[in-house]
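None of the figures in this text is laboratory data; all of them are computed from the coordinates on show. What you see is a predicted model; the values in this text were computed from it and never measured. Virtual Cβ from ideal backbone geometry, glycine too; neighbours counted across all protein chains shown.
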């Protein structure tokens, strides 16, 4: 009986995993913000096979090429079971994050709704890593089956950045093509 339930669950979930964004939203509208369209619930779930323009979906090989050409790697993986110190701005993370070499880790900026401080954190760091150049290529990712990078890519494109690339498979896809990961520390939050 358990095996049958498992197989039925897989069959029901499989079409959603490869579905376009509109199908995800239509099937589970309560998981999306009605104003922005960002995913606000169950961040760790199969992601769509598309992303609205101007953001662009890229494969692991395309991600590697973008980085070779100078794109900024933006890791938006959540700071799981962690937070930033409200007096100092440093993140209190429980585990070391391994990411693409040279990545900038901006935890929590892929949530469906951001607090004012996290919105400012994102905007200030985008300005810093691009030196104010909104045409600088930005590779946005976390891990496979995580909506945080989808949300963040949309949010960054909405801020006027013209070359936003969504690396849907993230660190998992990076490893799949034989690349290595390196330790990364989260960028502190400016609490002044």
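Full extension of the chain between residue 123 and residue 94 gives 7.9 nm of extra length, using 0.36 nm per residue less the Cα-Cα distance. Measure nothing fancy, just the Cα-based angle from helix 147-158's long axis to the longest principal axis of the chain, in degrees from 0 to 90, nearest 10. Result, in degrees: 50. Quick one: grab the alpha carbon gyration tensor of the range 84-192, order the square roots of its eigenvalues as a ≥ b ≥ c, and give me rounded if a/c is under 1.5, else prolate or oblate depending on whether a/b is larger than b/c. In terms of gyration-tensor shape, oblate. With the simple spin-label model, which puts each label point 7 Å out from Cα in the Cβ direction, the residue 115 to residue 175 separation comes to 3.1 nm. Debye-formula intensities of the chain, expressed as log10 I(q)/I(0) at q = 0.09, 0.13, 0.19 Å⁻¹, are -0.33, -0.68, -1.38 (one equal scatterer per alpha-carbon, no solvent). Annotation: the residues 47, 127, sorted from fewest to most other C-beta atoms within 10 Å of their own C-beta, follow the order 127, 47.
Taking the chain as a Gaussian network of alpha-carbon nodes connected by springs under 10 Å, the highest mean-square fluctuation of the residues 77, 32, 167 belongs to 32. Under a 10 Å cutoff between Cα atoms, tell me which one of 103, 61, 137 has the largest fluctuation in the Gaussian network model of the chain. With Cα springs under 10 Å in the chain, the top fluctuation among 103, 61, 137 is at 61. Computed from Cα atoms, the angle from the helix 2-17 axis to the main principal axis of the chain rounds to 50 degrees. Apply 1/(1 + (r/R0)^6) to the Cβ-Cβ distance of residue 83 and residue 33, taking R0 = 22 Å, and write down the FRET efficiency to the nearest 0.05. FRET efficiency, residue 83 to residue 33: 0.50.
For 99, 59, 115, the sequence from fewest to most other C-beta atoms within 10 Å is 115, 59, 99.
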